[in-house]
Every structure is written in C-alpha cells, then in structure tokens.
Amino acid sequence: MTEVRSDRLTGGCQCGAVRYEWTERPTHASVCHCRMCQKASGQPFMAFTGGRREHMRFTRGAPRLFKSSSLAERGFCGACGTPLTYGFEGTGRISVTMCSLDDPEAVRPAMQYGVESKVSWFDTIATLPAERTEDWLPAETATRLVSHQHPDRDMGR
Ligand SMILES: [Zn+2]
Ligand SMILES: [Zn+2]
C-alpha cells in the first residue's frame, strides 16, 4: 500500500512560480524508469504520486505543458524548468513529481514501471561511496551561498 503521512500535501517548483496542493490525499505512488521519464527529467527515473485531477489544484501559477505523446501530457515550470506533473489522457488522474512535494518523504512509492529501460547501474547506487554536502562544500564557500530555491512551504499561509 502507498503510505501517505498527511492529507494536505503541498508542493511546487524550485523557483516558487508554480505551487499546488492536494485537497485529498493522492491514492498511488510509483517510480518509472521508462525512456520518456528519463528524457523528461534528464534523470534515471521519475517518482510520481497521483490521484484524481479534481483533488489537486494550483495555488500559484500554472505549469507549461508538453504533450510527450498522443496520450500523455507533462507539466513543468516555465520559469525554472522543474518537472511537475504527468497526466494520461482519459484517466481523470494527475500525478505530481514526488520530490516537488514540500515534504519529499510524505509518500513512499509502492511500484516500479518501465523497468525495461532501467539503467544498468540503478541497483548499485546504494553501494556507492557516500558523503554529506558539508563533506565536500568548504565552510567558507557555504557561508557565501545564497539559495534561490523557494522554501518548502507556502508563503504567508
Ligand atoms: Zn519554477
Ligand atoms: Zn515513465
């Protein structure tokens, strides 16, 4: 079963031009390794959580849309490029990218799709040497870093 920690989930893109909320909890969550998800994200896979379209609404801005096939549409922020949504024609459902949620741990994927395109090194990621950001980012440089990322919450709410 998909695990969802909170009923009201909010999220948005990196720059904050597009913000959304779920008025009811998404009903499913999954990762997809398919070649279209790889290309759309520029990454090995995409993670989505979704539910009925009428249960998700944009509270600020709206994504630009790219019809990635005759049957599917992908939304992204036109200002910063963050991939945000996925919709498959005729389903009445919409999905959002899981880590565009303000709480990236709010939902856990319960299924993998498109495994025929899974990159060969995906399953070895957890065995790679690992370090935290502060392990490689010099403290002096960190003090000069000013984030332009929208905070993980709605402003003024
Ligand atoms: Zn943006
Ligand atoms: Zn896919």
Original post:
Being in a helix (DSSP H, G or I), hydroxyl-bearing (Ser, Thr, Tyr) and within 16 Å of ligand 2 (Cβ to nearest atom), is that true of even one residue in region 119-127?
Top reply: no
**OP:** Determine whether Tyr86 is closer than 23 Å to Arg153 by Cα, modelled with pLDDT of 95 or more and within 16 Å of ligand 2 (Cβ to nearest atom).
**Re:** yes
Original post:
Does Ser100 satisfy the condition of being under 24 Å from Asp154 (Cβ atoms), surrounded by 14 or more Cβ atoms within 10 Å (Cβ to Cβ) and touching a Pro at 6+ places or on another chain (Cβ under 9 Å)?
Top reply: yes
Subject >> Selection status of Glu140, exposed (fewer than 10 other Cβ atoms within 10 Å of the Cβ), in a helix (DSSP H, G or I) and among the charged types (D, E, K, R) >> reply: yes
Subject >> Hey, Ser95 in a strand (DSSP E or B), of a type in the set (Ser, Thr, Tyr) and either on the phi > 0 side of the Ramachandran plot or modelled with pLDDT of 95 or more (or both) or not >> reply: yes
**OP:** List every residue pair whose Cβ atoms sit under 6 Å apart, with the two residues 6 or more apart in sequence or on different chains, where the first one lies in region 115-144 and is closer than 28 Å to Lys39 by Cβ and the second, anywhere, is of a type outside the set (Asp, Glu) and not in a loop (DSSP other than H, G, I, E, B).
**Re:** Ser117/Arg35
**OP:** Inspect all residues belonging to region 23-32 and state whether any of them is in a loop (DSSP other than H, G, I, E, B), under 28 Å from Asp123 (Cα atoms) and either touching a residue at least 40 places away in the same chain (Cβ under 8 Å) or more than 11 Å from ligand 2 (Cβ to nearest atom) (or both).
**Re:** yes
Subject >> Count of residues meeting criterion [assigned to a loop (DSSP other than H, G, I, E, B) and either touching a residue at least 40 places away in the same chain (Cβ under 8 Å) or away from ligand 2 (no atom under 11 Å from the Cβ) (or both)] in region 44-76 >> reply: 8
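Listed here are the residues, each with its yes/no results for (1) closer than 16 Å to Arg108 by Cα; (2) crowded, with 16+ Cβ neighbours inside 10 Å; (3) of a type in the set (Phe, Trp, Tyr).
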position	(1), (2), (3)
Gln14	no, yes, no
Ala17	no, yes, no
Ser41	no, yes, no
Met46	yes, yes, no
Arg60	no, no, no
Pro63	no, yes, no
Ala72	no, no, no
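The values are calculated or read from the model by the stated rules, or taken from the named source; none is laboratory data. Remember, it's a predicted structure, so these values are computed and weren't measured experimentally. So basically every Cβ, Gly included, is an ideal-geometry build from the backbone, and we count neighbours across all protein chains shown.
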